[in-house]
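First up is the structure itself, then whatever we jot down about it.
Laboratory data are not the source of any read-out in this text; all were calculated from the coordinates shown. Just so it is clear, the structure is predicted and the values come from calculations on it, not from any experiment. All Cβ positions, even for glycine, are placed from backbone atoms using ideal geometry, and neighbour counts span all protein chains on display.
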Amino acid sequence: MRLCLDTSAYSNFQRGEPRVVERLDRAEWIGIPAVVVGELWAGFLLGTRVDENIAALEEFLRHRVVETLPVDGETGRIFGEIFLDLRRKGHPLPTNDMWIAATAAQSGATVLTFDEHFREIARVSALIL
């Protein structure tokens, strides 16, 4: 299984949430969008365990099945299509979540998340825990 993590999935993984840990243990490939890395850094810098959180993220990113997913022109095109589709449906979503969905769609991965609103995005599959 190819999984693309959103911030909620990564955070719950680091807390040892069994449903996330089990799925990540079975994944053949795990993508983590650059947007998620940015959200994590923002949270780390606002918190009290900055060094510990950064070390855990760096260790996670070094794992052999984990790939950091950049935002490029193709991601931007997919984002635009997702944005337009949601706008036409009257279902606006947080901008970063649309970028995460675009990155997942580009990489052919399922978004692993705790956020129900990923169901609204027809372009990408989501595994909502």
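Quick notes on this one:
- Mean separation of Cα contacts under 8 Å (6+ apart) over length of region 10-122, as relative contact order %: 26
- For the pair region 1-47 and region 90-129, the centres of their Cα atoms are 14 angstrom apart.
- Amide H contacts of residue 6 (H built 1.01 Å from N, under 5 Å, at least 5 apart or other chain): 112
- Proxy reagent accessibility, fewest Cβ within 10 Å first, across 20, 71, 65: 65, 71, 20
- Extended-chain gain in nm, criterion 0.36 nm per residue less alpha-carbon gap, residue 122 and residue 91: 10.0 nm
- Gaussian network model of the chain, Cα within-10 Å springs - most flexible of 24, 93, 112: 93
- Vicinal HN-Hα couplings computed from phi for region 23-36 (Karplus, 6.51 cos²θ - 1.76 cosθ + 1.60; Hz; Gly/Pro x): 5, 5, 4, 8, 6, 7, 8, 10, x, 10, x, 4, 4, 5
- What you get for the chain, charging only the Cβ of Lys and Arg (+1) and of Asp and Glu (-1), is a dipole of about 340 debye around the Cα centre.
- Crossing angle, helix 73-89 versus the chain [Cα axis fit, 0-90 degrees, rounded to tens]: 60
- Ranked 98, 1, criterion: other C-beta atoms within 10 Å, fewest first: 1, 98
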